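Visitor: Below you will find the structure I want to go over with you.
The values are calculated or read from the model by the stated rules, or taken from the named source; none is laboratory data. On a predicted model such as this, the values are computed, not experimentally measured, just so you know. Cβ placement follows ideal geometry from the backbone for every residue including glycine, while neighbour counts extend to all protein chains displayed.
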Amino acid sequence: MFTGLVQTIGMIEQRDRDRLVIHCPDLVANIAIGDSVAVNGVCLTATYISDSNFTADVSPETLGRTNFGDRQLKYVNLETALAVGDKIGGHFVSGHIDGMGKLSDRALIGNSWELSFEAIPEVARYIVFKGSIAINGISLTISYCNDAGTNFRVAVIPHTYDNTTLKDLDIGDAVHLEGDLLGKYVEKFLRSGQHNFGNLAQPAITPSFLAEHGWA
């Protein structure tokens, strides 16, 4: 589990069909073999560590759902997994991305940036106004979205922009998107309707139920 607060930027030093070698001298001292590391928001396992690099295996499933196979991708956001007692400054990020999106526009507003993205329907269903989204592993707040969630915008402060790979994106570049984990559970409960847990009948969680109890 991660929080979406990027700790450093790494460089893909080598990529094969089934592994990535990432140069990140600032981070390797905090990584052990077997540890989970979010690489552009994708949870990977460190399988080898040197003084300045770590190696992570990537499966065909991972390659098929990410842009790690893109030779143009050079720099990646990195975050080590949460430890018990760590501050949660962003939001809960699992490292299991929901799909890809792409940067559609960028505008400098004052000293901050507004970035607009397009999302595929599999991700758009979890995009809501003022909700959380992980973009290439970065925890951000949605400042605007259309009704379908397929187009949305985030406001990015200078610190986040300068210390992540957001500054390296060009219009049309692909990004990894992960919707808010809590939203996925709410969606599951809404789809499931009434259930019987043990001998206790649970009320169906519906939009009216959520509104009645102050959740919507």
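Visitor: Looking at (1) at pLDDT 95 or above; (2) surrounded by fewer than 18 Cβ atoms within 10 Å (Cβ to Cβ); (3) among the aliphatic types (A, V, I, L, M); (4) more than 24 Å from Ser132 (Cβ to Cβ), find the lone condition where Ala46 falls short.
Guide: Every condition holds for Ala46 apart from (2).
Visitor: Residues being surrounded by fewer than 16 Cβ atoms within 10 Å (Cβ to Cβ) and within 19 Å of the chain's Cα centre (by Cα): count how many of those fall in segment 9-34.
Guide: So the count comes out to 1.
Yes/no per residue for (1) under 24 Å from Asp168 (Cα atoms); (2) free of Cβ contacts under 8 Å to residues at least 24 places away in the same chain; (3) not β-branched (Val, Ile, Thr):
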| residue | (1), (2), (3) |
| --- | --- |
| Thr3 | yes, no, no |
| Cys24 | yes, no, yes |
| Ser36 | no, no, yes |
| Thr47 | no, no, no |
| Thr62 | yes, yes, no |
| Asn67 | yes, no, yes |
| Leu73 | yes, no, yes |
| Leu78 | yes, no, yes |
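Visitor: Output the number of residues of segment 138-193 satisfying the condition of being loosely packed, with under 13 Cβ neighbours inside 10 Å, among the small types (Gly, Ala, Ser) and not in a loop (DSSP other than H, G, I, E, B).
Guide: 1
Visitor: Looking at (1) more than 21 Å from Thr8 (Cβ to Cβ); (2) touching a His at 6+ places or on another chain (Cβ under 8 Å); (3) not aliphatic (A, V, I, L, M), which is the one condition that is false for Gly137?
Guide: (1)
Visitor: Suppose we keep only residues that are in contact with a Gly (Cβ under 6 Å, 6 or more places away or on another chain) and modelled with pLDDT under 95 within segment 56-90. Which one would you say is nearest to Val39 (Cα to Cα)?
Guide: Ranking the qualifying residues of segment 56-90, first place goes to Leu63.
Visitor: Follow-up. If I ask for residues that are acidic (Asp, Glu) and outside any strand (DSSP E or B), which ones from segment 113-137 would you list?
Guide: Within segment 113-137, the first condition is being acidic (Asp, Glu), and the residues that meet it are 114, 118, 122.
The one that is acidic (Asp, Glu) and outside any strand (DSSP E or B): Glu122.
Visitor: In the list Asp51, Asp86, Asp57, which residue meets the criterion of being more than 18 Å from Asp173 (Cα to Cα), surrounded by fewer than 15 Cβ atoms within 10 Å (Cβ to Cβ) and not assigned by TED's automatic domain parsing to the domain that holds His23? Spell out the reasoning first.
Guide: Working: Asp51 fails: not assigned by TED's automatic domain parsing to the domain that holds His23; Asp57 fails: not assigned by TED's automatic domain parsing to the domain that holds His23.
Asp86 is the lone residue from the list that is more than 18 Å from Asp173 (Cα to Cα), surrounded by fewer than 15 Cβ atoms within 10 Å (Cβ to Cβ) and not assigned by TED's automatic domain parsing to the domain that holds His23.
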